Amino acid sequence: MKRILTLLLVAVMVIGIFAGCGDKEDTKKNDAPEGFSVGYAKVDITPSPDRKLPLVGGNDEKTRVATGVLERLFATCTAMTDDEGNTVILFALDTHGIGKDFLNGVRNAVKEKTGIDGKFVQMTASHTHQGPPLTPGGYGYVDGLGHMVEVVDKCAAAAEEALKDRKSAQMYIGHTRVPDLNKVRYYYLEDGTLLGTSKTNAHAPYYGQAYHPDDLLQLVQFKREGARDVVLINWQGHYRGNPEGQYTMYSSDLMGVVRNQLLDQAGCESMVIMGAGGNSSHHSSYPALNNARNTDYKTVGTILANEALLTLNDGMRQAETGKVTLEENIFHIQTNKNDYNLYTFGIGDVGFCMMPYEPFQSLGQDVRDQSPYAMTFIGSCANGNDGNFYLPDTAAYVSEGATSDKQGYGVSKKYVKGDSDLFHQQYISMLKKCFENGTTEQKEKAEGYVTDKEPYADPTEYMNAGIAPVLVKNGLYQMQTIKGGNVKVLLIDGKEIADELAKMTTFKVLLDNRDIVVGIQ
């Protein structure tokens, strides 16, 4: 306890030093090229495993100590400056979250080095569960504070480097959909109730997804004069996690795989911004995954990288850059006393919505669809998200849930039904203000961009169809009908269904001349 109090005292002193900085004149131009310009920097923030720091994420986050390095951790930084000299610096870090003390430390250090006001430094986290804490207390570990201070310094240096790296640029936007890669942790049970859980294989029988997952992959490409392109990628998913035996090793997860493959195969720098994925996991019905329960982050990252490369090759269109605009709001709700640092910013045809928690997928879809921008990135775990994690949507509160003391997956006492709508109203209003202060005319969103399904399916669709649930007994998959009737199992690729169930994660049953897809995990 004495050691923890000492660390916290030192932390207060360090944060105070940071807060005292920033007396330099607030300059806009910073020697940027004429017109719109973009710069990029990437810095390694992996600590040595010898420092014995904990890995953040999961129920064992305070005791799971790093034993090695699987994939190195990085902070990526993109500086964007309009033709009037207004600049926003965007960070994406391989870390679990962006705490307020860390955010303030970086903002003050960046202002000291560059003169750029702190609110124009925007930070988001990948939410990997295999990185150390970036908090003053360091979860009570002796090197926790020292590591946070080092990363603050590295981020400030990266911001300075990105500003120096700025080159005249044109902006292109594009999107694709990656179906069946995401799944949402809500399922309908035999009696029609919802079950919210991440352990779906332990709760058979169930009828399938109660949710239509968000499968949109968004890309912003900056083509720079005399320098590598910079690509921003937005995926509305969740970190993958690593196979058994690697969970105590530092890992940038699928984000590092995507960055490396874009650099190796297309010669472009990139940053991956994780969007609304609080209630999502990676779905094993994606053909390339085969049995995803034994597939690690490399496969998921490779799928996303390949889809991004295909889109960059033949799916991008030029967008207007316009003016850099930003809105900020310190938001409060009655449910708890937390300050929520809400930010939106815009660059021409592209808006950015920075959420300081893990929003459920339908929340990201809703904001994105209502945004006035042609494309809107959703950034999660952003800008000071201390303790403000899952933000459930309204539908989560109708679930019976996996346990008797919870209404649904991700539901906690921090929020009540309807809180997510309050946040949405703020974000839509802020995005509209950013857009109105910009210099572009509103454009129609590209074909296939807007969500074409309601987030939740009607449970009666499943019940009335008489879907055959899957029972798991003694490791064997068996078929069972409900409401009587004859159910015929279709062959998959001409092979017996029993042989394929060990490999496949979806199968079809034929009932009343209708094909029904039932997912199993």
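Looking for something surrounded by fewer than 20 Cβ atoms within 10 Å (Cβ to Cβ), more than 14 Å from the chain's Cα centre (by Cα) and assigned to a strand (DSSP E or B) - is there at least one such residue anywhere in the range 373-380? So far as the range 373-380 goes, no, none of its residues is surrounded by fewer than 20 Cβ atoms within 10 Å (Cβ to Cβ), more than 14 Å from the chain's Cα centre (by Cα) and assigned to a strand (DSSP E or B).
Of the residues making up the range 37-73, those that are buried (at least 23 other Cβ atoms within 10 Å of the Cβ) and of a type outside the set (A, V, I, L, M) are S37, G39, Y40, E71.
Can you tell me which residue within the range 305-330, out of those that are of a type in the set (G, A, S) and in a loop (DSSP other than H, G, I, E, B), is nearest to C434 (Cα to Cα)?
Top of the filtered list is G322.
Return yes or no: is L145 in contact with a Pro (Cβ under 6 Å, 6 or more places away or on another chain) and either assigned to a helix (DSSP H, G or I) or crowded, with 21+ Cβ neighbours inside 10 Å (or both)? Spelling it out, L145 is indeed in contact with a Pro (Cβ under 6 Å, 6 or more places away or on another chain) and either assigned to a helix (DSSP H, G or I) or crowded, with 21+ Cβ neighbours inside 10 Å (or both).
For the range 60-74, give me each residue that is assigned to a strand (DSSP E or B) and within 11 Å of Q130 (Cα to Cα).
V65, G68, V69, listed by residue number.
Please enumerate the residues belonging to the range 36-59 that are part of a loop (DSSP other than H, G, I, E, B), touching a residue at least 40 places away in the same chain (Cβ under 8 Å) and over 30 Å from A319 (Cα atoms). Passing the criteria: I45, T46, P47, K52, L53, L55, V56, G57, G58. Return yes when D101 is within 22 Å of the chain's Cα centre (by Cα) and part of a helix (DSSP H, G or I) and no when it is not. Against the criterion (within 22 Å of the chain's Cα centre (by Cα) and part of a helix (DSSP H, G or I)), D101 qualifies.
Working only within the range 112-169, note down all residues that are on the phi > 0 side of the Ramachandran plot and touching a Ser or Thr at 6+ places or on another chain (Cβ under 6 Å). Once the filter is applied, which keeps residues that are on the phi > 0 side of the Ramachandran plot and touching a Ser or Thr at 6+ places or on another chain (Cβ under 6 Å), the range 112-169 yields only G115.
Here is a yes/no grid of residues against (1) surrounded by fewer than 20 Cβ atoms within 10 Å (Cβ to Cβ); (2) at pLDDT 75 or above:
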{"position": "T176", "(1), (2)": "yes, yes"}
{"position": "G192", "(1), (2)": "yes, no"}
{"position": "G196", "(1), (2)": "no, no"}
{"position": "K223", "(1), (2)": "yes, yes"}
{"position": "I233", "(1), (2)": "no, yes"}
{"position": "G237", "(1), (2)": "no, yes"}
{"position": "N242", "(1), (2)": "no, no"}
{"position": "G245", "(1), (2)": "yes, no"}
{"position": "T248", "(1), (2)": "yes, yes"}
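Output the residues belonging to the range 112-154 that are aliphatic (A, V, I, L, M) and within 23 Å of I273 (Cα to Cα). Matches in the range 112-154: I116, V121, M123, A125, L134, M148, V151, V152.
Residues in the range 137-187 that are of a type in the set (D, E) and touching a Gly at 6+ places or on another chain (Cβ under 6 Å): 1 in all.
Within the range 28-83, the set of residues being among the polar types (S, T, N, Q) and farther than 28 Å from F345 by Cβ comprises T46, S48, N59, T63, T67.
I need the full set of residues from the range 350-372 which are assigned to a loop (DSSP other than H, G, I, E, B) and touching a Pro at 6+ places or on another chain (Cβ under 8 Å), in order please. Selection gives F360 alone.
A residue that is β-branched (V, I, T) and modelled with pLDDT of 90 or more cannot be found anywhere in the range 283-301.
Restricting to the range 75-98, what's the tally of residues that are part of a loop (DSSP other than H, G, I, E, B) and closer than 29 Å to E34 by Cβ? Steps first, answer last, please.
Pass one, the range 75-98, residues part of a loop (DSSP other than H, G, I, E, B): 82-86, 94-98.
Now restrict to residues that are closer than 29 Å to E34 by Cβ: 82-86.
The qualifying residues number 5.
Exactly one residue out of V88, V121, V152, V110 is surrounded by fewer than 24 Cβ atoms within 10 Å (Cβ to Cβ), in contact (Cβ under 8 Å) with a residue 24 or more places away in the chain and of a type in the set (V, I, T): that is V88.
Within the range 92-107, residues that are free of Cβ contacts under 8 Å to residues at least 24 places away in the same chain and over 18 Å from S380 (Cα atoms) have Cβ atoms under 6 Å from residues that are in a helix (DSSP H, G or I) and not hydrophobic (A, V, I, L, M, F, W, C) in these pairs: R107/G118, counting only partners at least 6 apart in sequence or on another chain. Which residues, taken from the range 106-116, are outside any loop (DSSP other than H, G, I, E, B) and either of a type in the set (V, I, T) or under 20 Å from P54 (Cβ atoms) (or both)? Those that are outside any loop (DSSP other than H, G, I, E, B) and either of a type in the set (V, I, T) or under 20 Å from P54 (Cβ atoms) (or both): V106, V110, T114.
The values are calculated or read from the model by the stated rules, or taken from the named source; none is laboratory data. Since the model is a prediction, treat every value here as computed from it, not as a measurement. Backbone-built Cβ (ideal geometry, glycine too); neighbour counts: all protein chains shown.
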